[in-house]
Every structure is written in C-alpha cells, then in structure tokens.
Amino acid sequence: MPREEHFIVATAGHVDHGKSVLIRWMTGTDPDRLPEEKARGITIDLGFAHLTLTSAQPGGPGFHLGIVDVPGHEDFVKNMVAGVGSVDLALLVVAADDGWMPQTEEHFQILSYLAADRAVIALTKSDLADDVQASIQAIRDRVAGTRFAEAPVVPVSVVAGRGLGELKAAMWQVLAGTVPPQDLGKPRLPVDRVFTVKGVGTVVTGTLTGGLFRRGQPVAIQPSGKLARIRNIQSHNREVDASLPGTRTALNLPDLAVEDLRRGDVITLPALGAPGETVDALVEISPRANHRLKDGARVHLHYGSGHVGARIAFFDRKQLASGERGLAQLRLEGPAFTFAGDRAVLRDAGELKTLAGVTVLDPTADRGRFRDPARISFLLARAESPAAVQPYVVTQLARDQVANRSELLANSRFSAAQIQECVSQLERQGKLLNAGDFVIQTEAWKSWRESGARAIDDFHHAHREQGGMSLREFRAALSPLLPKAGLFELLVADLCRNGFWSDAGVIRRAAHRPALSETLEAECARLRAILAAQPYDPPSRQTLTRNNLAEQALRYLIETGEVTAINAELVLATAAVSRAVEMTRQFLRAHGPATVSELRSMLGGSRRVVIPLLERLDRDGVTLRDKDRRSLHR
Ligand SMILES: Nc1nc2c(ncn2[C@@H]2O[C@H](COP(=O)(O)OP(=O)(O)OP(=O)(O)O)[C@@H](O)[C@H]2O)c(=O)[nH]1
Ligand SMILES: [Mg+2]
C-alpha cells in the first residue's frame, strides 16, 4: 500500500495575483464563496478546497491536501493570518506582470513568523511576462538567504493553460520530504467558520492539528471553557468516524448554539489546559522590516485563527528594532488559549501593519513580580529551544520545583509519551524524582527534607520531655516551603523511610527518647535491678507493674529495647536474652541435642521462664525443636 498522508496548504501573496483562480483551476472548487467577493472580484475571507496529489511513480505516496485560500488585499491581512496558522506548505503566488509587492512581502514575513518553512512559489500570469526567466530570478533574489531560498519557482498561466502539471509535481516533491502532521494526542481545532445546518445544528470548521477527534468525543471550547460532544465529523466533505491531524475538519456540535462559538475559539480536549490573559514570549522583528516596537505599545496578538488586543511590556528594553529579538510580556485584553512553543504574529492596534513574530514561552504567565529574576532566567532558558521537550520540563521545574503530570501536559506541544520519556531520563540522571502524581526537582526535595529534619530536631531540643512534634505543628512549620498540597504527606512518608518515625499524630526521630522525670528514672532503676538480680526467674510482669508509674517505666524500657517482652506475662532484661542465646549455642555445640530440663539446669531458671524463652529461640531461628529435644539451627 502506498503511503497516504494529509497536509495543509495555504496560499499567500499580493491582491489580484491570481491565487483564487489558480486554486479553482487546480481543484475545480471556487474558493471565493461570498457574494461580495464575486461582486468585487477579490477575496475577502478564507476559502477552502481540497486536492489529492498522486505520485508520478507507481507506489509513491499520495497526499490529501486541505487547501486554504487567503485574501491578498491589505485590508484583510487579519483574515490571511487566521488561515495560515497550521500550514505545512505555503503556496506563495507572485504575478509575473506585477512582481514582488507589499503584501507579497507582508505575507512572506507572516509565514516566517509562524515558522512555515516549506513553500512552492507560483509565478502566475506567466502569459503576461516579458521575460519569465528574469521574473523567476527576481523572486529568487527576494528569497535568497531565507527559509524559502530553496523553494521551487514554477511559472503558470491559467489563461494559456500552462504549468499546472509542473506546479503539482513541485508540490508533491516538497511534501514527499516533509514530516506529516503528528498525532500527539492533543487535538486543537482553531475555529475559522461557525454556522448552523438545518436539522443538524451548529457546525464549526477549522484545520485540525496535534491529534485526532472522534465521533462522540467530549470536547472543550476555549477560551470559554464550554463543554460539548461531537456528534458528527466531516473531513474533505465526507462523513468520517475520526478526523486526522493535518486535515480540514468540520465538527457538528449540536449541544452548542452558534452564538456560543466564534472564529478564534479552539476546540480541544478538556484536560489540555486553560486560557491565559498574560503571555510571556519571545518577540522578533524580521530584519526585512523597517519599524520598531516600543515598550508599552498597544498591539493585536494573532494566534491560531483568532486575535486579541494586547499591550507589550519588554523585560529588558525600551524598544525592539528590526532584526532584533527580545523577551516581552503580552498583557492581553481577553483570554487566549495557546501552548508553549506556539507561534503567533503581532500587528498594530489599527490592523494596518504586521509588526513582529511571537514565540509563546509561558502561555499562562502572571503579571505580579514582573522582573523576578527566576522568571527572567526561566524565559531566557526556554527561549533557547522552545520546541524541545527536555528544556521545557527542566525550565518548568527549575521555576516551580514541582509539577503534576497533568500540568506538564497542559498548554504544551508535547505528547504524554514524550513527557514521560523525558521525566524518566531526568530521573535516571538524578535531576528529578517521581512521587505520587508529582514530578519534583531533586534539589528542592532535598532542601525540604533537610528543613523537615531540622524542624523536628529543633523541636526535640526545645521539648526534651515530649515524645515528638505533633503533625499539625510540623505541617504549619513546613507549609510556607511546600508549593503544593499533597507534598506534606509525601515528605512525612519519605522522612519515615529515613530515620524518622510517625505514629498517633506525632513525628520524631526514630531514636529519640523523651527525657524521664526523676521519679520515672528511679522506677526504671528499680526494675533494672530486679531483672538483673534474677535474670531467668524474674517476677511476673503483673507483679513488676503494680502501679501506673511501674507500668510506664516498663513500657519505656521495652520501647528503648532494654527489656524484651517474651510474652504477655514474662519480661526479661534484653541482655539476659542475648546471654541465653550465647549459652544455649555453646551448650548445644558442645553436647549435641538437649532436652528442656538439660537446658533449664544449664541456664538455671524456672520452667515458667525457660519454656517460653526456648520457644522464643525456636522462633528466632537459634534452636530447632524435634519432639522433646532441641538442636542448634544451622
Ligand atoms: N492573464 C492572466 N490573468 C490571470 C491569470 N490568473 C488569474 N488572472 C486574473 O487575475 C485576476 C485576479 O485573480 P484572483 O485569482 O481573483 O486573484 P487573487 O490573488 O485571488 O486576489 P485576492 O484574493 O483578492 O488577493 C482575475 O481577474 C483573473 O482573471 C493568468 O494566468 N493570466
Ligand atoms: Mg483570491
């Protein structure tokens, strides 16, 4: 089976250069569908068509193209930007009789800002060219040294019926070397049209990227956060069960009214993040542009198929000149749903001019502590490689110290599998650790653990008579340090694996013993003396602990390990138990298997003590019992 892949192609180029006529010729579909477009003979809004490109060689891949035809008129550049957000291949059109014109240049810069790096250039109206080769050379000169330097330039003429085959072949050739749009499990459909169909209900269309949509799937509409379910899906005018990334897609959302949706909204999955009203970004002005961007300027941020007013605040400068890049905060006039790494475009507030390109670094930033050094180093690090997963995770954790897995997934352009792999790798390198649902920076965790240990030690020092610090007090001491709920419990568990003990609402060093009062100390001394006097025939536990004080003292001696409880009635000094083990071993080694009475006379105790003591030695694996004799366990 030959490969079948889906790609999005968008036109670009100056008004009247023949984009729409070319698309109609290529696909049979007239992309100009509005009556006003027909009346004025220009494109006003986005038009759509599709095309299948088959391979010239048998067995070569076939490509299904969703085509977006954009307007070239300077008044409608904002519609143009809405159409080229997820383009895989730009079809840049230059009319042979007119050459490279202002909107050819503006569209070219927009494509560069949006990181569109594949293009085929159509030299249209070649029937009107005086010298086709000279026109081709003029275009080559314009794109020399840019990302489109290698783009094929193909002369075409709709009037003369020339060049269509060559143009399609050139498009096929470029796409054959292009990685098709990926399924990251994170579908986003920036809405470009909303309408209602009788008997069907609300329908939205857009270009799907990042993942699949399936019939019946619940979806979220951003930035409103409304929820809906997909009833039907169409792709390239056919009903489908699932729509693939890189396709023009129509979703039927009968739960919503037309008024609930508008161009610029994003249809996505509920778990993929939230919109932000403050976006920290890298802003760049093309060296081909001839303007500056001033700190504090009011601009329009064009992202996906939408746009929103914004004010720009540079972190480190008063203005940005052409050919420069700078970090800035975009303070939006409304919420925008973007992902880190997304590209966007800034135009002026009057929508007359394209000003700059934007790479989103933090889609949900905040406006407080504007020049916080932690934020600046986060942004500088992220700006270095905004498309790579490892810097994304590392920068997030360097800033926040801890993240939920779902937080790493939200508003990012990486799949769950990519993030998981990166986290595991960083874990193996000792930079991160995984605890519950959290991914935690190792350094931060160590410092919290040290602070926790210090708080407990300080408590022991100040309250020697107490068994430990109450967990409530411990939580209050640590909560200013811990950035998220749920970390405290993990920290307590971790401390308890590392030399601490927590029980009955209290935490302490495992080895900590409360200092005893004088009376209790004296009682302990009395018990020690009794147990030492008759090590293998002491009084019963009941006799030893006639009163509360004695009971308390015995419990203390058992807890500290000085006394061993053999059973409910019998306690022995731990030293006596150890001595019994030694003596029994020596005796059995010297004399071979022995009876209880032989061992009893060797130890010199009563049956009341020796029988449970020997049973204990059996349990501890010191002796091995065979009927009435015991031998040494190997
Ligand atoms: N001579 C000649 N005229 C052409 C050719 N292709 C298009 N035209 C004419 O150029 C004019 C503009 O064509 P469109 O396709 O509407 O131009 P466009 O680039 O889509 O214009 P906008 O969408 O408004 O930017 C029309 O009058 C076409 O007839 C061609 O190959 N040769
Ligand atoms: Mg047109």
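The values are calculated or read from the model by the stated rules, or taken from the named source; none is laboratory data. These figures come from a predicted structure and were not determined experimentally. FYI the Cβ positions are ideal-geometry reconstructions off the backbone, even for glycines, and counts take in every protein chain you see. Heads up: the accessible areas ignore ligands, DNA and RNA and are worked out on the full protein's heavy atoms, side chains in. Shrake-Rupley method; radii C 1.70, N 1.55, O 1.52, S 1.80 Å.
The rows are residues; the columns are (1) touching a residue at least 40 places away in the same chain (Cβ under 8 Å); (2) in contact with a Leu (Cβ under 8 Å, 6 or more places away or on another chain); (3) not charged (D, E, K, R).
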| residue | (1), (2), (3) |
| --- | --- |
| 208 | yes, yes, yes |
| 222 | yes, no, yes |
| 229 | no, yes, no |
| 241 | no, no, no |
| 247 | yes, yes, yes |
| 253 | yes, yes, yes |
| 272 | yes, yes, yes |
| 276 | yes, yes, yes |
| 282 | yes, yes, yes |
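Residues 98, 75, 130: which one is out of contact with any Lys or Arg (no Cβ under 6 Å at 6 or more places or on another chain), without any contact (Cβ under 8 Å) to a residue 40 or more places away in the chain, outside any helix (DSSP H, G or I) and within 15 Å of ligand 1 (Cβ to nearest atom)?
130
Checked against the criteria, residue 264 counts as within 26 Å of the chain's Cα centre (by Cα) and either open to solvent by less than 10 Å² (accessible area, probe 1.4 Å) or not assigned by TED's automatic domain parsing to the domain that holds residue 68 (or both). Taking the range 503-612 as the region of interest, the helices (runs of 4 or more DSSP H) fully inside it that hold 1 or more residues being open to solvent by 50 Å² or more (accessible area, probe 1.4 Å), closer than 30 Å to residue 456 by Cα and of a type outside the set (Val, Ile, Thr) are 518-533, 548-559. Screening residue 185 on (1) crowded, with 20+ Cβ neighbours inside 10 Å; (2) closer than 25 Å to residue 303 by Cα shows it passes everything except condition (1). One residue alone among 70, 81 is near ligand 2 (Cβ under 10 Å from one of its atoms), touching a residue at least 12 places away in the same chain (Cβ under 8 Å) and not small (Gly, Ala, Ser), and that residue is 70. Out of 194, 154, one residue alone is more than 30 Å from residue 242 (Cα to Cα), in a strand (DSSP E or B) and not hydroxyl-bearing (Ser, Thr, Tyr). It is 154. Criterion applied to 514, 483 was being touching a residue at least 60 places away in the same chain (Cβ under 8 Å) and either on the phi < 0 side of the Ramachandran plot or in contact with a strand residue (DSSP E or B) (Cβ under 8 Å, 6 or more places away or on another chain) (or both), and the one residue passing it is 483. Could you look through the range 20-52, keep only residues that are assigned to a helix (DSSP H, G or I) and under 25 Å from residue 245 (Cα atoms), and pick out the one that is farthest from ligand 1 (Cβ to nearest atom)? That would be 27.
When 276, 246, 304 are screened for being among the small types (Gly, Ala, Ser), out of contact with any His (no Cβ under 7 Å at 6 or more places or on another chain) and at positive phi, only 304 passes. Filter the range 3-18 down to residues that are closer than 21 Å to residue 247 by Cβ and either over 35 Å from the mean Cα position of the chain (by Cα) or aliphatic (A, V, I, L, M) (or both) and give me whichever is farthest from ligand 1 (Cβ to nearest atom). Among those that are closer than 21 Å to residue 247 by Cβ and either over 35 Å from the mean Cα position of the chain (by Cα) or aliphatic (A, V, I, L, M) (or both), it is 8.
Listed here are the residues, each with its yes/no results for (1) near ligand 2 (Cβ under 10 Å from one of its atoms); (2) without any contact (Cβ under 8 Å) to a residue 24 or more places away in the chain; (3) on the phi < 0 side of the Ramachandran plot.
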{"site": "3", "(1), (2), (3)": "no, no, yes"}
{"site": "8", "(1), (2), (3)": "no, no, yes"}
{"site": "12", "(1), (2), (3)": "no, no, yes"}
{"site": "16", "(1), (2), (3)": "yes, no, no"}
{"site": "25", "(1), (2), (3)": "no, no, yes"}
{"site": "28", "(1), (2), (3)": "no, yes, no"}
{"site": "35", "(1), (2), (3)": "no, yes, yes"}
{"site": "44", "(1), (2), (3)": "yes, no, yes"}
{"site": "50", "(1), (2), (3)": "no, no, yes"}
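Just to be sure before I move on: is residue 411 open to solvent by less than 70 Å² (accessible area, probe 1.4 Å), closer than 30 Å to residue 297 by Cβ and not β-branched (Val, Ile, Thr) in the structure I sent? Yes.
Counting only residues that are more than 16 Å from ligand 2 (Cβ to nearest atom) and open to solvent by 10 Å² or more (accessible area, probe 1.4 Å), the range 103-125 holds 7 of them. Residues of the range 363-399 that are crowded, with 18+ Cβ neighbours inside 10 Å and of a type in the set (D, E, K, R): 375, 382, 399. Counting only residues that are more than 24 Å from residue 497 (Cα to Cα) and open to solvent by less than 20 Å² (accessible area, probe 1.4 Å), the range 416-454 holds 2 of them.
Of everything listed in (1) free of Cβ contacts under 8 Å to residues at least 24 places away in the same chain; (2) open to solvent by 30 Å² or more (accessible area, probe 1.4 Å); (3) aliphatic (A, V, I, L, M), the single unmet condition for residue 212 is (1).
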